[in-house]
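Inspection log for the structure reproduced underneath, given as structure tokens.
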Amino acid sequence: MSNKKIIGIIPGDGIGRDVTRAARIVLDTIVDRFEDVDLEFRNMEVGEVAVERYGKAFPDETREGIPDCDAVLFGAIGAPHDFVVLSGIRYGFHLYANVRPVKALKGVPVLHPNADLVVIRENTEGLYRGVGYDDGDRHVNLRIFTDEGMERIIRFSFEWAQKNGRKKVTFTHKESILRHTDALMKDLFYDIAPEYPSIEADDMEIDACAMRVVMKPGTLDVIIAENANGDILSDVGGGIIGGLGFTPSANIGKDLAMFEPVHGSAPKYADKDVVNPTATLMATRMMFEFLERTDIASRLQSSIEAVLVEGKVRTYDIGGDSSTSDFARAVAAGLDIT
Ligand code: GGG
């Protein structure tokens, strides 16, 4: 990464401000410590602040600024602006793959220390596309799959598994009921699977998979899920590894990638500097992997893990009373020595 990279920072609403502030503490330290890293940060507004300034939750200024960025770090968004903002970014920029790792970290109270799975959520179609209508007493939301969208997420998942040394990809569905979507996509999944002979391919019903995540996560590896199912399944995953404070995500498209914690805006904790920024810092780590700086990514991950294992700086969700910024400063300090 010898040339300058433009990083868009979109705090969003609620605790999105707290966690992106924490990320900036770490990012500024990285810029100071690594001579060959040249990052330009561009702050962009969405949500309530954007409504106040521009009269719109997803203003043209932000929409037009995003394509200039090499990567975007996003905080959080909540009702009532979540659909317009998330769909504006995810659908507007075709960020079709939402990679959501669920990995237990040492030093964190978890249900399953061996959990290490990845939900790959289709991010632009399915039920969350938000298409629907009202017809008298019938109220309908459509669950839309396209041929292009199905193939794209299946191939992405196998390729991601291959690149990241994973062994198995599990396709989740409810094929017996959803004949027009899941059954069709399952056939496509098994048509494509032989092109990736080093990766085992299997499938599970989504409800059975949710139970498996809770009871035997160690038997799961990479999971493909429809948009709404993936959103739910990754929260289930968060529940077994200490909560949503530990679940980062990457939204990947052909021309842009955006990184964010899985959690939403949690307004009651907003601006209190108390929430756990680990998920956002791990999303930042995923951003450096995307920018092909795996050296920085692994330094950052090691520092996060060292702070958690040492246990002196802990946010309230895991039994401590340290602040969001204390945690970020401890991780930043650890970048020197890890
Ligand atoms: N940082 C992610 C975020 O703000 N999520 C809030 C939300 O509404 N999520 C629903 C979704 O991911 O589709």
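The values are calculated or read from the model by the stated rules, or taken from the named source; none is laboratory data. This structure is a prediction, so every number in the text was calculated from the model and none was measured. No Cβ is skipped: glycine too gets one built from the backbone with ideal geometry, and neighbour counts run over all protein chains shown.
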Problem set entry | Hits in segment 258-274 - residues which are assigned to a loop (DSSP other than H, G, I, E, B) and more than 12 Å from the ligand (Cβ to nearest atom) | A270, D271, K272, D273, V274
Seminar exercise, completed: Only one of (1) in the same structural domain as N227 (by TED's automatic domain parsing); (2) more than 16 Å from the ligand (Cβ to nearest atom) does not apply to K103, and that is (1)
For this session: Only residues that are under 21 Å from L256 (Cβ atoms) and part of a strand (DSSP E or B): list them for segment 124-138, please.
Result: G126
For this session: Go through segment 177-199 and count every residue that is surrounded by fewer than 15 Cβ atoms within 10 Å (Cβ to Cβ), outside any helix (DSSP H, G or I) and touching a residue at least 24 places away in the same chain (Cβ under 8 Å).
Result: 1
Exercise. Can you spot a residue in segment 53-66 that is modelled with pLDDT of 95 or more, within 14 Å of the ligand (Cβ to nearest atom), in contact with a helix residue (DSSP H, G or I) (Cβ under 8 Å, 6 or more places away or on another chain) and part of a helix (DSSP H, G or I)?
Worked result: no
For this session: Select from segment 4-38 the residues that are more than 15 Å from the ligand (Cβ to nearest atom), assigned to a loop (DSSP other than H, G, I, E, B) and crowded, with 16+ Cβ neighbours inside 10 Å and list them in ascending order.
Result: F34, V37
Exercise. Does segment 290-298 contain at least one residue that is modelled with pLDDT of 95 or more, buried (at least 20 other Cβ atoms within 10 Å of the Cβ) and not in a loop (DSSP other than H, G, I, E, B)?
Worked result: yes
Exercise. How many of the residues in segment 161-176 are surrounded by 21 or more Cβ atoms within 10 Å (Cβ to Cβ) and either part of a helix (DSSP H, G or I) or not assigned by TED's automatic domain parsing to the domain that holds M211 (or both)?
Worked result: 1
Exercise. Does segment 209-230 contain at least one residue that is assigned to a helix (DSSP H, G or I), in contact with a Cys (Cβ under 9 Å, 6 or more places away or on another chain) and within 16 Å of the ligand (Cβ to nearest atom)?
Worked result: yes
For this session: State which residue is surrounded by the fewest Cβ atoms within 10 Å (Cβ to Cβ) when the search covers only segment 205-225 and only residues that are under 21 Å from G149 (Cα atoms) and touching a Leu at 6+ places or on another chain (Cβ under 9 Å).
Result: I206
For this session: Could you list, in sequence order, all residues of segment 185-220 that are within 26 Å of H94 (Cβ to Cβ) and either within 22 Å of the chain's Cα centre (by Cα) or aliphatic (A, V, I, L, M) (or both)?
Result: M185, L188, I192, A193, I199, A201, I206
Seminar exercise, completed: Going through segment 76-92 in order, the residues found to be within 12 Å of the ligand (Cβ to nearest atom) and either within 12 Å of the chain's Cα centre (by Cα) or buried (at least 19 other Cβ atoms within 10 Å of the Cβ) (or both) are A76, I77, G78, H81, V85, L86, I89, R90
Exercise. Considering L73, L95, L117, L127, which residue is under 21 Å from the mean Cα position of the chain (by Cα), modelled with pLDDT of 95 or more and away from the ligand (no atom under 16 Å from the Cβ)?
Worked result: L117
Exercise. Of the residues that sit in segment 226-255 and are farther than 23 Å from G14 by Cβ and within 14 Å of the chain's Cα centre (by Cα), which one is surrounded by the most Cβ atoms within 10 Å (Cβ to Cβ)?
Worked result: L233
